[in-house]
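Participant: Structure incoming, see below.
The values are calculated or read from the model by the stated rules, or taken from the named source; none is laboratory data. Everything numeric here is computed off the predicted structure, so don't read it as measured data. Cβ: placed from backbone, ideal geometry, glycine included. Neighbour counts: every protein chain shown. These accessible areas exclude ligands, DNA and RNA; they are computed on the full protein's heavy atoms, side chains included. Shrake-Rupley method; radii C 1.70, N 1.55, O 1.52, S 1.80 Å.
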Amino acid sequence: MDNGIFEVILEYINIVFLLFTIVLFVLFTIMVYLSTRNSIHYRNKNSFGDLSKIMASPLAPSITIIAPAYNEEATIVENIRSLLSLQYVNYEVMVVNDGSKDDTLKKMIDSYDLEKIEQEIDPNWKSKPIRGIYKSKQLSFSKLTVIDKENGGKSDALNTGVQLSDNKYVGCIDVDCLLMPDALLHVVKSFYQRTQKRVIAVGGVIRVANSCKISGGMLEEIRLPTNWLARFQLLEYTRSFILGRMAWGRIDSLLIISGAFGFFDREIVMAVGGYDTNTVGEDMEIVFKMRKYMHDENLPYTVEYIPDPLCWTEVPEDLKILVNQRDRWARGNLETLQKHKDMFFNPKYGKLGLISYPYWFFYEWLAPLLEFVGFFSIIVFIYLGIINWDFFIAITTTIYMFSVMISFYAILWDVYSYNQYTKTKDLLTLVFCAIIEPLVFHPIVVFSAVRGNYKKLFRIKSGWGSQVRKGFAKV
Amino acid sequence: MSSPKIHTDLLWDLTCLFIGLGLLYFVLVFYFRNKISSKVKQVVLRKRELSPMISEFLFYEEDANKEEKSNYITLKIEIRELLKNDFNRKVLSEVLLDLQKDVSGNTETRLFKLYQDLGLHLDAYEKLKNWRWEIVSKGISDLTTMQVFDAYGFIIKFINDKRGVIRKQSEIAAVTLKNEGINYFLDTTKYKISQWQQLKMLEVIRNLENFEPPRFKAWLTSSNKDVVLFGLRLIKFYNQNDANTSIIQLIRHRNNNIKEEAINCIKKFCILEAIAPLKLVFWKCKTDIKILILDTIATLGDESDIPFLRMVEKKESNFVITSKVLSTINAIVPETILPTKGLEVVTKEDMVLEEEDVLVNETLDHKKDSPETNTLEKDNIEELAFAQESEIEEINLLEPEELHEETSTINATTEIDFLPHIIADNEEMVAIFQEPEMEEIKAPQAEVDSEENVTEIADEMSGILLEPSEFSKEIDTVTDSVEMDFLPHVIADNEETVAISQEPEMEETKEPEVEVDSEENVTEIVDDMSRILLEPDELSKEIDTVIDSVEMDFLPHIIDDNEEGFTIPQELEMEEIKVPEVKVDSEESFIEITDEINKVLLEPEEINFLPNVIEDSEEECIVIEELNIHTGPLNKSSINIFDNNFFEQDNYNKILLLDTLEDLGSAKELPFLKEIIEKEENLAIKERAMEILNDFSETNYSLNKESNVLENENLNEGNSIFKQLFDSSDEESKLVLLDQILEIGDNKEISFLKTLLNDENKAIRDKSKTVKTELEKRNQFEDMDNGTRDGNKEVELLFPLTPGDEMDFIQTIEYKATLSEEKTETKLIIDKKLIPLEFCFLLDKLDIKLPKPSSILDKDFTFTQEFYKSQEASYNPNKKKK
């Protein structure tokens, strides 16, 4: 009798796993469809027209690019130079030195001939104290503003920048990112092209710059990373940005804009109180918050997503740094979902409450935990000799093949849309990465996510971690 | 109890499906990669084939010879054959569309003509019939880009198309293809116009040739909000200020963008009538609009808006708005709001020290001539300064009556060795600077908040300043017994700040100041100031009572100019005396002052008592006053004080003025003196002017010579444009910069390069050395080249050459000599730098490569003598002129 019940329970567990997997397949298939349609539409829509003509228009809106910098002395000068050479007239580069312990500030002052200026600051604004605001004495660097403040984290630095900016739009980027010269033109277009809805935020694709040839702040040659970890991440980014976010963008349910390249309507950012300084997933949290605000205010809005490769960044090549990064992402995810739990299946928030939030809950937060639990369950089942081998092998193979197929599709779509890795060797390497990724890279990601959740749930103090940048100039 | 059975076969089926799809995608990855690459290659090949034909067409001249004409016709036939292939048509169309971005003027017109001659526009017309929106849009875009004006009628049908991209393309086309297109578009469009679309259309319109903008006010009444918004933007862009009433109405629009744009127009066109409506709508606006309104009030407002601004300041809680309000108030009435943060709080206890401090001050005055006591005095005076500051700060806290009593006490017991500087703006701050006698004295600073007190002080000060004649009488009566070690400057500024720096000898002396900070009382204070300024009799009486024991060794300067800043050089009897300043901003006061100045200028004997009055009613003015001016090059913006009055004087006065000018003037008067010499009829005056001119010229020459030497040194040594860039670059950039120096640098860079020879970095050191050598060599060649062209056979070597260099150099000289001697037989290879830039772009675009000269002596074809002459002339424009 007991054995019979136990077997039934086991069968039901299998069914639950099967349903979960089938829903995942369905969702991914829908996402592939949506992203494909969105990509084609985007390409057709933008296949003609010259953006550069708009560059100096008197109607072009003003933008502030806020780049928080913490201990970036190795690359800061080069990175700022790159930011100052964008093709746009009406913009400002605001570098917020978040209490760096190294010579970041000194390097900026020396290289860009900065001098301290006086500016009144809202005494009620909750940010760490500002030690000084600097502008360059040279006209050629007049677009540059450097804020020196006490250390308060990335969110705090971004909030300071948002507060001190007086432009209509603010771009929050990582200072070590490399923006394409026409990036701002694309951003402005995205903000300005809607008539029915207000565009509150614009996000874009982040591409992997490891091993690329970069000179004078400009991307000269796109190359496949030489490091295997970076290659796996490249594949992961391609899948995530070209398929995932493109699909969410298609149904206007994008819930995350990468912290490395995100532009916002400053008025709305201020209205929601800026970034949350108590979370490490500030980039996701602010989009949740802004969307929620617009829903609450009953204002028509949208979040735009640009699939063009406009922002290039270095990804971690060291396993420890990678694990820390993913750990942080997992914590950020959990914190954000926790903070906005009232949106969970809440019809008041439309697609956001009924589709996006649940997806994030089940497939971004819960899935790694389930995988982890599943892995140990299988070991236990094998040990107990109660495993249904037929089902186990079948479902594992199906999931594996599905994952490989999706990666292949991402590579295909990348080639079709942008054709950036043209060498046969590069393509074969990517294909090989797609085949071994579920076995090699994915477990690392799952482990990091579990670790992050563990830390969060058991309140183990953990911050941002750090990443040692090689710097583009030295690539 | 049983559970539903799971059919694992289904899973295996799915696995097979995924494997199949995976393989398909794998194949497709390479298929698309190859397809895209081969297509790109094909297009490049075809472009290479078609490009020379296009360039032939584009640069074909009607007056070509028979052979060329025949070639042209053959080419036409050939290209028409090629165009029978769809792929070729597509590629050619692409080539022309690409080329259009890079050509302009006549070439562009030919390009458009060629596009239609080849019938490519018919393909675009065909696209318009397609059912797919992207193809229709492409067709419209092609016709617009290639300016097929006949397509206008076909395209405007799409202006209200329900498919957004087609609609947007047709809107752009309508505006581009016909100047009246904008009217049609604004009249007929039913859909919303995105900001991006407006931006693009404005870009098109502003680049249209011979475009006569319609009066856009006609569309301000449109029911389409976006048309209204775009209309406003166009009104602003084309400065059409004939729609003021409509614009004022639109500030009440519900749409924030329209409201914002209307306010922008109001600000731009200075529509004063809009201030009241702006104030009315202010409260309902969101933060951005509020700030914009405040900004507009700051530009257009006047004192009557201050109460409103005060109200906003009180009611608004948003820091950004309150901050903006304060800056607005200050913009209307400068320095109404003064800094309040970080100021010391003064207690009443400090007041106890008051009398002692005054006594110390008195003692110091008596002892000041004794060198032994200087150090001690300095310390004491610093303490005193602090005490005085405290005292005056304390005064701020007192009631007006108390303050009056206090002041009387001070006056009765103290020798007043100062004359405060008064800065009076229309309705704002009055600052009074005290003048201590000794150098390096940190003078006390006082803030007076009480209306009455300020009035008192202002009474006393203004009188002194505004009635020079009476004032001088007063001084006459007191100078016997009083030392007046001060010299007030009066600076009047109706709207903006006037900064004065003066008396270099007294740089270390800080002036005491009394600031009036009471906001409520500002208006009354200024009224009082104005009244006082207009009542000199009362003022002089006041002075009588104030200056009982004052030494009055001052010499006021008066400078008056309504529009611009200027400088007066003036010799003072006591150079070490710090001259106090008085700023007078009241308009009425200014008129008075100006009158007085004019009066005084007509009475040269009184000139020694003139205060410095610098007035600027419209622009910010910075006046640098020096007691002993020995100027270098003349400042063009400076205006001679004597200009306005000189020619209106009688001869006697003219001579007197010239005498004064000789005493007080400097090289800055040279233009004025020249003018006198030119215009003056009286010989004696002319001679006198010449005499002064000679004196000043000598001084000026010596100074100019010195400054020229310095300038030349700077030019030769310090002015490398690369230096600044170099200093702020990293190693890699520095190396790149050195390459640039080699490419475009000249002699100026040599000295800079020399400095780099000692650089810490070896790579930079080595590279600098190489670049320097190369640059020197090149400069020698260039010099030689110039010398040869000018017919100068003697070429001086500026830099020593290495033996190898010498050989090259000799070869070059020989070559140049051959060129000059055998012009008729000279053969040159065509170089890109000799052909028009546009043609270069075209060649690059079409991927046509000219044969590179393998060596300088390569000779591919022969030029005629005329060609050589024209080349020579273009090298040497001077020769051409001759």
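Participant: Might you let me know whether the stretch A:181-196 holds any residue that is β-branched (Val, Ile, Thr), in contact (Cβ under 8 Å) with a residue 24 or more places away in the chain, open to solvent by less than 10 Å² (accessible area, probe 1.4 Å) and at the interface with another protein chain (Cβ under 10 Å from one of its Cβ atoms)?
Facilitator: At the first step, the residues of the stretch A:181-196 found to be β-branched (Val, Ile, Thr) are A:187-188, A:195.
Then drop every residue that is not in contact (Cβ under 8 Å) with a residue 24 or more places away in the chain, which leaves A:187-188.
With the extra rule that they be open to solvent by less than 10 Å² (accessible area, probe 1.4 Å), the set shrinks to A:187-188.
Then drop every residue that is not at the interface with another protein chain (Cβ under 10 Å from one of its Cβ atoms), which leaves A:188.
Yes - at least one qualifying residue is present in the stretch A:181-196.
Participant: Identify the single condition in (1) modelled with pLDDT under 85; (2) surrounded by fewer than 16 Cβ atoms within 10 Å (Cβ to Cβ); (3) facing another protein chain (nearest Cβ under 8 Å) that B:THR8 does not satisfy, given that it satisfies every other one.
Facilitator: Going through (1) modelled with pLDDT under 85; (2) surrounded by fewer than 16 Cβ atoms within 10 Å (Cβ to Cβ); (3) facing another protein chain (nearest Cβ under 8 Å) one by one, B:THR8 breaks only (2).
Participant: Of all residues in the stretch B:315-325, which are surrounded by 15 or more Cβ atoms within 10 Å (Cβ to Cβ) and among the small types (Gly, Ala, Ser)?
Facilitator: Hit for the stretch B:315-325 is B:SER323, nothing else.
Participant: OK, next. Looking at (1) away from chain A (no Cβ under 14 Å); (2) over 20 Å from A:ASP50 (Cβ atoms), can you tell me which one B:GLY181 breaks?
Facilitator: With (1) away from chain A (no Cβ under 14 Å); (2) over 20 Å from A:ASP50 (Cβ atoms) applied to B:GLY181, the lone miss is (2).
Participant: Now, a different point. What is the number of the single condition among (1) of a type in the set (A, V, I, L, M); (2) closer than 17 Å to A:ARG245 by Cβ; (3) more than 10 Å from chain B (Cβ to nearest Cβ) that A:VAL16 does not meet?
Facilitator: (2)
Participant: Now a separate question. From the residues in the stretch A:100-115 that are in a loop (DSSP other than H, G, I, E, B) and within 11 Å of A:GLU72 (Cα to Cα), which one is least open to solvent (accessible area, probe 1.4 Å)?
Facilitator: Within the stretch A:100-115, the subset in a loop (DSSP other than H, G, I, E, B) is A:100-103, A:113.
From the residues that got through so far, the ones that are within 11 Å of A:GLU72 (Cα to Cα) too are A:100-103.
Working: A:SER100: 19, A:LYS101: 167, A:ASP102: 43, A:ASP103: 79 Å².
Ranking the candidates gives A:SER100 first.
Participant: Go through the stretch B:717-770 and give me each residue that's assigned to a loop (DSSP other than H, G, I, E, B), open to solvent by less than 50 Å² (accessible area, probe 1.4 Å) and modelled with pLDDT of 70 or more. Even if it seems obvious, please write down each step before you answer.
Facilitator: Filtering the stretch B:717-770 for residues assigned to a loop (DSSP other than H, G, I, E, B) gives B:719-720, B:728-730, B:745-747, B:757-761.
Those still in the list that are open to solvent by less than 50 Å² (accessible area, probe 1.4 Å) too: B:720, B:728-729, B:745, B:759, B:761.
Of everything in the stretch B:717-770, those that are assigned to a loop (DSSP other than H, G, I, E, B), open to solvent by less than 50 Å² (accessible area, probe 1.4 Å) and modelled with pLDDT of 70 or more turn out to be B:GLY745, B:ASP759, B:ASN761.
Participant: Sticking with this structure for a sec: For the structure I just gave you, tell me whether B:LEU58 is more than 7 Å from chain A (Cβ to nearest Cβ) and open to solvent by 90 Å² or more (accessible area, probe 1.4 Å). Show your work before the answer.
Facilitator: Working: more than 7 Å from chain A (Cβ to nearest Cβ): yes; open to solvent by 90 Å² or more (accessible area, probe 1.4 Å): no.
The answer is no for B:LEU58.
Participant: Which numbered condition in (1) at negative phi; (2) in contact (Cβ under 8 Å) with a residue 24 or more places away in the chain; (3) more than 9 Å from chain B (Cβ to nearest Cβ) is the only one that A:TYR112 fails?
Facilitator: (3)
Participant: Which residues, taken from the stretch B:16-54, are away from every other protein chain (no Cβ under 11 Å) and open to solvent by 50 Å² or more (accessible area, probe 1.4 Å)? Write out each step before concluding.
Facilitator: Within the stretch B:16-54, the first condition is being away from every other protein chain (no Cβ under 11 Å), and the residues that meet it are B:38, B:41-54.
Selection gives B:SER38, B:LYS41, B:GLN42, B:VAL44, B:LEU45, B:ARG46, B:LYS47, B:ARG48, B:GLU49, B:PRO52.
Participant: Scan (1) in contact with a helix residue (DSSP H, G or I) (Cβ under 8 Å, 6 or more places away or on another chain); (2) away from every other protein chain (no Cβ under 14 Å) for the single condition B:LYS315 breaks and write down its number.
Facilitator: (1) is the only condition that B:LYS315 fails.
Participant: Turning to a different aspect of this structure: Given the conditions (1) open to solvent by 30 Å² or more (accessible area, probe 1.4 Å); (2) touching a Lys or Arg at 6+ places or on another chain (Cβ under 9 Å), report the number of the one that B:VAL312 does not fulfil.
Facilitator: That leaves (1) as the condition not met.
Participant: Could you tell me how many of the residues in the stretch B:194-224 are within 12 Å of another protein chain (Cβ to nearest Cβ) and touching a Leu at 6+ places or on another chain (Cβ under 8 Å)? Reasoning before the result, please.
Facilitator: Within the stretch B:194-224, the subset within 12 Å of another protein chain (Cβ to nearest Cβ) is B:194-207, B:224.
Those still in the list that are touching a Leu at 6+ places or on another chain (Cβ under 8 Å) too: B:195, B:198-199, B:202, B:205.
Here the count works out to 5.
Participant: Next question. Within the stretch A:326-359, which residues are outside any helix (DSSP H, G or I) and surrounded by 19 or more Cβ atoms within 10 Å (Cβ to Cβ)? Steps first, answer last, please.
Facilitator: Restricting attention to the stretch A:326-359, the residues satisfying the condition of being outside any helix (DSSP H, G or I) are A:340, A:344-346.
Answer for the stretch A:326-359, where residues must be outside any helix (DSSP H, G or I) and surrounded by 19 or more Cβ atoms within 10 Å (Cβ to Cβ): just A:HIS340.
Participant: Do you know which of the residues in the stretch A:19-37 that are among the aromatic types (Phe, Trp, Tyr) and open to solvent by less than 60 Å² (accessible area, probe 1.4 Å) is farthest from the other protein chains (Cβ to nearest Cβ)?
Facilitator: Initially, the stretch A:19-37 is screened for residues among the aromatic types (Phe, Trp, Tyr), giving A:20, A:25, A:28, A:33.
After this cut, where a residue has to be open to solvent by less than 60 Å² (accessible area, probe 1.4 Å) as well, the list is A:20, A:25, A:28.
Numbers: A:PHE20: 13, A:PHE25: 8, A:PHE28: 11 Å.
Across the stretch A:19-37, the extreme among qualifying residues is A:PHE20.
Participant: Something else: For the condition away from chain A (no Cβ under 12 Å) and either open to solvent by less than 30 Å² (accessible area, probe 1.4 Å) or among the charged types (D, E, K, R) (or both), what is the one hit in B:LEU120, B:LEU97? Spell out how you get there, then give the answer.
Facilitator: Numbers: B:LEU97 fails: away from chain A (no Cβ under 12 Å).
Exactly one of B:LEU120, B:LEU97 is away from chain A (no Cβ under 12 Å) and either open to solvent by less than 30 Å² (accessible area, probe 1.4 Å) or among the charged types (D, E, K, R) (or both), namely B:LEU120.
Participant: Residue under question is B:GLU108, and the condition is that it be acidic (Asp, Glu), modelled with pLDDT of 85 or more and over 23 Å from B:VAL40 (Cβ atoms); does it hold? I'd like the intermediate steps shown before the answer.
Facilitator: Numbers: acidic (Asp, Glu): yes; modelled with pLDDT of 85 or more: yes; over 23 Å from B:VAL40 (Cβ atoms): yes.
The answer is yes for B:GLU108.
Participant: Mind counting the residues in the stretch A:55-87 that are open to solvent by 10 Å² or more (accessible area, probe 1.4 Å), outside any loop (DSSP other than H, G, I, E, B) and either in contact with a helix residue (DSSP H, G or I) (Cβ under 7 Å, 6 or more places away or on another chain) or among the small types (Gly, Ala, Ser) (or both)?
Facilitator: Result for the stretch A:55-87: 4.
Participant: For a quick check of your reading: which strands (runs of 3 or more DSSP E) sit entirely within the stretch A:204-274 and have at least 2 residues that are modelled with pLDDT of 90 or more and not small (Gly, Ala, Ser)? Full working, then the answer.
Facilitator: On the way: elements: A:213-215, A:218-221, A:261-265.
Strands (runs of 3 or more DSSP E) meeting the threshold: A:261-265.
Participant: Can you pull out the residues in the stretch A:116-169 that are away from every other protein chain (no Cβ under 14 Å), aromatic (Phe, Trp, Tyr) and part of a loop (DSSP other than H, G, I, E, B)?
Facilitator: None; the set is empty.
Participant: Hey, can you tell me all the residues within the stretch B:184-193 that are open to solvent by less than 10 Å² (accessible area, probe 1.4 Å) and within 8 Å of chain A (Cβ to nearest Cβ)?
Facilitator: B:ILE193
Participant: For the stretch B:229-243, what are the residues that are more than 14 Å from chain A (Cβ to nearest Cβ) and surrounded by 17 or more Cβ atoms within 10 Å (Cβ to Cβ)?
Facilitator: Quick first cut of the stretch B:229-243, residues more than 14 Å from chain A (Cβ to nearest Cβ) only: B:240-243.
Of everything in the stretch B:229-243, those that are more than 14 Å from chain A (Cβ to nearest Cβ) and surrounded by 17 or more Cβ atoms within 10 Å (Cβ to Cβ) turn out to be B:GLN240, B:ALA243.
Okay, residues lined up against (1) over 30 Å from the mean Cα position of the chain (by Cα); (2) of a type in the set (S, T, N, Q):
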site	(1), (2)
A:LEU84	no, no
A:GLN87	no, yes
A:TYR91	no, no
A:GLY99	no, no
A:LYS116	yes, no
A:TRP125	no, no
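Participant: I need the full set of residues from the stretch A:38-54 which are more than 9 Å from chain B (Cβ to nearest Cβ), closer than 23 Å to B:VAL204 by Cα and part of a helix (DSSP H, G or I), in order please.
Facilitator: A:LEU51, A:SER52
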